[in-house]
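Colleague: This is the structure I have questions about; it appears just below.
The values are calculated or read from the model by the stated rules, or taken from the named source; none is laboratory data. Quick caveat, the model's predicted, so the values are computed rather than measured. Using ideal geometry, Cβ is built from the backbone for each residue, glycine included, and neighbour counts are taken over all protein chains shown. For accessibility, only protein heavy atoms count, side chains too; no ligands or nucleic acids. Shrake-Rupley method; radii C 1.70, N 1.55, O 1.52, S 1.80 Å.
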Amino acid sequence: MNKWLTFIFLLLSISAISQTLIEGRIVDEKGDPLPSAIVLEKANGQTHMADPDGKVRWSTTSPLPIELEVRALGYRVESFTLNAFRPFVIRMIPKNVELGTVEVKDRKEGQMSSFRLRNIEGTAVYAGKKTELIRPDDLPSNLAANNARQIFSRIPGLNIWESDDGGIQLGVGARGLNPNRTSEFNTRVNGYDLSADALGYPETYYTPAAESLERIEVVRGAASLQYGTQFGGMINFVHKTGPEDQPFEFTTRNSIGSYGFFNTFNSLGGHKGGLRYYGYAQYKKGDGWRPNSEYEYRDIYGSVSYEVGPRLKLGLDITSMAYLAHQPGGLTDRQFEEDPTQSFRSRNWFRVNWNILAFHLDLDMNESTHLNSRTFGLFAGRDALGLLSRINRIDDPSLPRDLIMDEYANVGNETRLLHRYQISEQPQALLTGVRIYRGNLHRQQGLAPNGEEPEFSFQNPDRLEGSDYRFPSTNLAWFTENVFHLSERWTLTPGIRFEFIDTRSDGYYRLIQTDQAGNILVDEVVDDSREDQRTIFLAGIGMGYHPVEFAELYFNFSQNYRAINFNDMRVVNPNQKVDPDLQDERGFNLDIGFRGNWKGWVDWDVSGFLLHYGNRIGTILKVDEELQIPIRYRTNVASSYSAGMEIFAEADLWKLIKEEKTANSLRLFTNVAVIRARYYDSEESAFEGNQVEWVPPLNIKTGLTFGRGGFHVQGLFTFVSEHFTDATNAVYDPYAVSGIIPTYWVSDVSMGFEWKVWTIEASCNNVTNNSYFTRRAAGYPGPGIIPANPRTFTLTLGLTL
């Protein structure tokens, strides 16, 4: 590797001696970049294509002046003469449009805060796919508490679990997929893996600080071809990289709030020459609104990148997060109705440490070909301590507790190559890439000491009462997609992906059986191992059509696949059992929609979807044959489908009424998801036609924001209709691990003001103080109903230097 890098550096150095670098940027009439724009040197006929940021650069031996011509899809051809070797900017004019006064504004002053991803972003292809883009800094919300309900409010169809006070863990599901730790999405940060194990245990225990994020990219089920086999799609948290034009910037944001909430966020960033850096440190703590719910959290992140030359950039990211949370446990339905602030667990604790190291390389091999390679390692752990038994059992402090300890050690590399070319003067793009991944999870379960302190140690480490397993996994993948511009209005994007997956388990579990008097009848250690190798082929195709310049009709079909995870192989939980013959899941996502943005004043995306989930894994309520008590049984329940409409629209009402220049904005957004999800083709007749769990038939979020200068105020309203939590559609369970999630609604208000280097923000969540819940847990942090937060207040003071 070192020899190859040295060779590349020598080539670049020799080239720099004999050639002169030309740099420029191609933008539209608003100043936004025009990716795939083509610059033609008239003298020699050479063409150079702009990157996703609209930037174009090449080396030349030609003398000045140089005659250039610029072309971009949907824009007039521009010709100009380069008289000096200095960076240039070309502003393109749309075809058949008269150019009036153009006003380029900062996003804080009235532009839409939610966008879509472009057809090509870096070395990723999104043409014809349903995508969303969130810029947290543009949201008129208080970001200190990482409130997912507010951050993801503009994305239709998301079902969000609200089960912790500090926004520490993210629980997001879509289209009838379980929100549990966002496990049905491929979750990433800066393009590399964030979850515990992308294949065998795709749960996410770490959510980056919203205050540190440049953007959040969301791609629905069509992401399976590029990113892997999750049905939900992909969520990518992209950190800021520091200011573009200054060597040093310091930001501090400090927040206080209800129930002892305190958050401090401090960041440094800068850009000088070829060096760019950004880092932050965050600390938060709170007492929680229920007894036994205090928490303490710290998060440190740092990144540095360096442009070795005009074509090569290297970078390094480091993340280190840790937190300790006291968990108050769940409630039965009756307990929740009596008093949702109650807690019947004082000995439950949860501890997480999350460390990620990533190295990335970007190489412009020539004007048309770009290589991106990310090598990453995740070294982390999570420990759950407490009582797993039903919530109506008294927690005796003299008795030992259950302890589940996980250690993750994963390494991987994902390398992508994007090549731009032309056919009949139409720009095309080919993406291909490979992924190599090796994961290893070590999981132990046994009894821990009694008492109430967070003592994470086993009583009998050499003979655990539960189990001791290692779960190694290997994943090799190759994928390719091609964006074909059939004309100025049509695009066609076919793609395929091959996966080799090898998941294994090797360890033992302890088999202990007692009679009803508690006398031990059987106590033996059972050695257990399992290996499952499979090769998967996925295919998909996307299409886009622009009937007018500002709108697009799109269609996408992509196959999906999801492997059984390590929890399904072996876990000891008295509330849940797993079918030993559990099988992987297969299916597809289909989207068809109409989206656009008119003059930056109205933004919309109206789409229909169909999600087919074959051999679906779900939970049913049944009676344990040995213990003769109700349990949740996890098995391949049936096939299922989710079909519906997802509607998003946002308009600046002020600018629609008054088109002249104004400092005011009045933005109204609404997103609505109407979903029908049913089981079919089930061996259990009781499931046929049942509603799929975790699918609200109606999900509405709407908000109104007023802004003037540096001031803004927003009201947000969320409505989620009643839905089930298991495949049997149980309405009531005396132990509260199954049953319905009743219809709920909640409203939030936030405001902020920016003046020079100062920022002040205030928010009130759940203004009407509604009592509701979004989750019934079978294990941690329950079992039982996990109540959502009551009315809370937060105040933030920020300073940027």
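Colleague: Between LEU431, LEU464, which is part of a loop (DSSP other than H, G, I, E, B) and open to solvent by less than 20 Å² (accessible area, probe 1.4 Å)?
Modeller: Only one candidate qualifies: LEU464.
Colleague: What are the residues in the stretch 351-400 that are open to solvent by 20 Å² or more (accessible area, probe 1.4 Å), over 30 Å from SER457 (Cα atoms) and among the small types (Gly, Ala, Ser), if any?
Modeller: SER368, SER373
Colleague: Taking the stretch 767-801 on its own, how many of its residues are free of Cβ contacts under 8 Å to residues at least 60 places away in the same chain and touching a Ser or Thr at 6+ places or on another chain (Cβ under 7 Å)?
Modeller: Residues meeting the conditions: 2.
Colleague: Here's a follow-up. Can you pull out the residues in the stretch 51-66 that are without any contact (Cβ under 8 Å) to a residue 60 or more places away in the chain, of a type outside the set (D, E, K, R) and farther than 19 Å from THR20 by Cβ?
Modeller: GLY54 - this is the single residue of the stretch 51-66 that is without any contact (Cβ under 8 Å) to a residue 60 or more places away in the chain, of a type outside the set (D, E, K, R) and farther than 19 Å from THR20 by Cβ.
Colleague: Another question about this same structure. Would it be correct to say that PRO454 is assigned to a loop (DSSP other than H, G, I, E, B) and open to solvent by 30 Å² or more (accessible area, probe 1.4 Å)?
Modeller: Here the answer is yes, as PRO454 does meet what is asked.
Colleague: Here is a further query. Residues in the stretch 314-336 that are at pLDDT below 95 and either charged (D, E, K, R) or open to solvent by 50 Å² or more (accessible area, probe 1.4 Å) (or both): how many?
Modeller: The number of residues fulfilling the criteria is 2.
Colleague: Okay, moving on. If I ask for residues that are touching a residue at least 60 places away in the same chain (Cβ under 8 Å) and open to solvent by less than 60 Å² (accessible area, probe 1.4 Å), which ones from the stretch 239-248 would you list?
Modeller: Hit for the stretch 239-248 is HIS239, nothing else.
Colleague: Right, here's the next one. Quick check: is even one residue across the stretch 253-263 within 19 Å of GLY302 (Cβ to Cβ) and touching a residue at least 12 places away in the same chain (Cβ under 8 Å)?
Modeller: Yes, there is a match, as at least one residue in the stretch 253-263 is within 19 Å of GLY302 (Cβ to Cβ) and touching a residue at least 12 places away in the same chain (Cβ under 8 Å).
Colleague: Can you tell me how many residues in the stretch 276-312 are β-branched (Val, Ile, Thr), modelled with pLDDT of 95 or more and not in a strand (DSSP E or B)?
Modeller: Qualifying residue count for the region: 0.
Colleague: If you don't mind, another one. Conditions first: (1) among the acidic types (Asp, Glu); (2) touching a Leu at 6+ places or on another chain (Cβ under 7 Å); (3) at pLDDT 80 or above. GLU29 passes all but one, so which condition is the exception?
Modeller: (3)
Colleague: Would it be correct to say that GLU425 is in contact with a strand residue (DSSP E or B) (Cβ under 9 Å, 6 or more places away or on another chain) and either basic (Lys, Arg) or open to solvent by 30 Å² or more (accessible area, probe 1.4 Å) (or both)?
Modeller: yes
Colleague: Can you tell me which condition VAL757 does not meet? The list is (1) out of contact with any strand residue (DSSP E or B) (no Cβ under 7 Å at 6 or more places or on another chain); (2) more than 30 Å from ASN392 (Cα to Cα), and all the others hold.
Modeller: (1)
Colleague: Given the conditions (1) more than 20 Å from ARG298 (Cα to Cα); (2) β-branched (Val, Ile, Thr); (3) in contact with an Asp or Glu (Cβ under 9 Å, 6 or more places away or on another chain), which single one is not true for ILE356?
Modeller: (1)
Colleague: Of everything in the stretch 770-793, what is under 29 Å from ASP383 (Cβ atoms) and outside any loop (DSSP other than H, G, I, E, B)? Give them in sequence order.
Modeller: Selection gives PHE773, THR774, ARG775, ARG776, ALA777, GLY784, ILE785, ILE786, PRO787, THR792.
Colleague: Ok, one more. Under 9 Å by Cβ, and 6 or more places apart or on different chains, what pairs join a residue from the stretch 473-487 that is open to solvent by less than 10 Å² (accessible area, probe 1.4 Å) with one that is outside any strand (DSSP E or B) and of a type in the set (Phe, Trp, Tyr)?
Modeller: SER473/PHE566; PHE479/TYR227
Colleague: Give just the number: which of (1) in contact (Cβ under 8 Å) with a residue 60 or more places away in the chain; (2) not in a loop (DSSP other than H, G, I, E, B) does VAL695 not satisfy?
Modeller: (2)
Colleague: Using beta carbons and a limit of 7 Å, which pairs, at least six apart or on different chains, have the first residue in the stretch 355-380 and touching a residue at least 60 places away in the same chain (Cβ under 8 Å) and the second one hydroxyl-bearing (Ser, Thr, Tyr) and outside any strand (DSSP E or B)?
Modeller: From residues that are touching a residue at least 60 places away in the same chain (Cβ under 8 Å), the pairs are HIS370/THR123; ASN372/THR123.
Colleague: Now, a different point. Do any residues in the stretch 634-660 that are open to solvent by less than 20 Å² (accessible area, probe 1.4 Å) have Cβ atoms under 6 Å from those of residues that are modelled with pLDDT under 80 and in a strand (DSSP E or B), where the two are at least six apart or on different chains, and which pairs are they?
Modeller: Cβ pairs passing all conditions: VAL637/GLY618.
Colleague: Can we say ALA145 is within 17 Å of ASN236 (Cα to Cα), over 11 Å from the mean Cα position of the chain (by Cα) and buried (at least 24 other Cβ atoms within 10 Å of the Cβ)?
Modeller: When the stated conditions are applied, ALA145 does not pass them.
Colleague: Shifting gears a bit: Could you list, in sequence order, the residues of the stretch 676-692 that are open to solvent by 20 Å² or more (accessible area, probe 1.4 Å) and either in a strand (DSSP E or B) or polar (S, T, N, Q) (or both)?
Modeller: ARG676, ARG678, TYR680, SER682, SER685, ASN690, GLN691
Colleague: Separate question: Could you please tell me which pairs satisfy a Cβ distance under 6 Å, a separation of 6+ or placement on different chains, a first residue in the stretch 405-432 that is closer than 30 Å to SER467 by Cα, and a second residue that is assigned to a loop (DSSP other than H, G, I, E, B)?
Modeller: TYR408/ALA196
Colleague: Can you tell me which residues in the stretch 758-779 are open to solvent by less than 40 Å² (accessible area, probe 1.4 Å), of a type in the set (A, V, I, L, M, F, W, C) and farther than 15 Å from ASN263 by Cβ?
Modeller: Matches in the stretch 758-779: CYS764, PHE773, ALA777, ALA778.
Colleague: Additional query: Given (1) among the hydroxyl-bearing types (Ser, Thr, Tyr); (2) in a strand (DSSP E or B); (3) open to solvent by 10 Å² or more (accessible area, probe 1.4 Å), where does THR187 come up short, assuming only one miss?
Modeller: Of everything listed in (1) among the hydroxyl-bearing types (Ser, Thr, Tyr); (2) in a strand (DSSP E or B); (3) open to solvent by 10 Å² or more (accessible area, probe 1.4 Å), THR187 misses just condition (3).
Colleague: Separate question: Quick check: is even one residue across the stretch 230-238 more than 25 Å from ARG135 (Cβ to Cβ) and surrounded by fewer than 16 Cβ atoms within 10 Å (Cβ to Cβ)?
Modeller: Looking through the stretch 230-238, none of the residues is more than 25 Å from ARG135 (Cβ to Cβ) and surrounded by fewer than 16 Cβ atoms within 10 Å (Cβ to Cβ).
Colleague: Now for a different question. Can you pull out every residue in the stretch 258-275 that is open to solvent by 30 Å² or more (accessible area, probe 1.4 Å) and in a strand (DSSP E or B)?
Modeller: PHE262, ASN266, LEU268, HIS271, LYS272, LEU275
Colleague: Given GLY715, GLY782, which one is of a type outside the set (Val, Ile, Thr), open to solvent by less than 20 Å² (accessible area, probe 1.4 Å) and more than 24 Å from the chain's Cα centre (by Cα)?
Modeller: Being of a type outside the set (Val, Ile, Thr), open to solvent by less than 20 Å² (accessible area, probe 1.4 Å) and more than 24 Å from the chain's Cα centre (by Cα) holds for just one of GLY715, GLY782, which is GLY782.
Colleague: Moving on to the next point. For VAL767, state whether it is closer than 27 Å to ASP138 by Cα, in contact with a Lys or Arg (Cβ under 7 Å, 6 or more places away or on another chain) and part of a loop (DSSP other than H, G, I, E, B).
Modeller: So VAL767 fits the description; yes.
Colleague: Which residue, of ARG438, ARG420, is of a type in the set (Lys, Arg), modelled with pLDDT of 95 or more and open to solvent by 10 Å² or more (accessible area, probe 1.4 Å)?
Modeller: After applying the criteria, what remains is ARG438.
Colleague: Restricting to the stretch 584-603, give me the number of residues that are surrounded by fewer than 17 Cβ atoms within 10 Å (Cβ to Cβ) and either charged (D, E, K, R) or in contact (Cβ under 8 Å) with a residue 40 or more places away in the chain (or both).
Modeller: The qualifying residues number 4.
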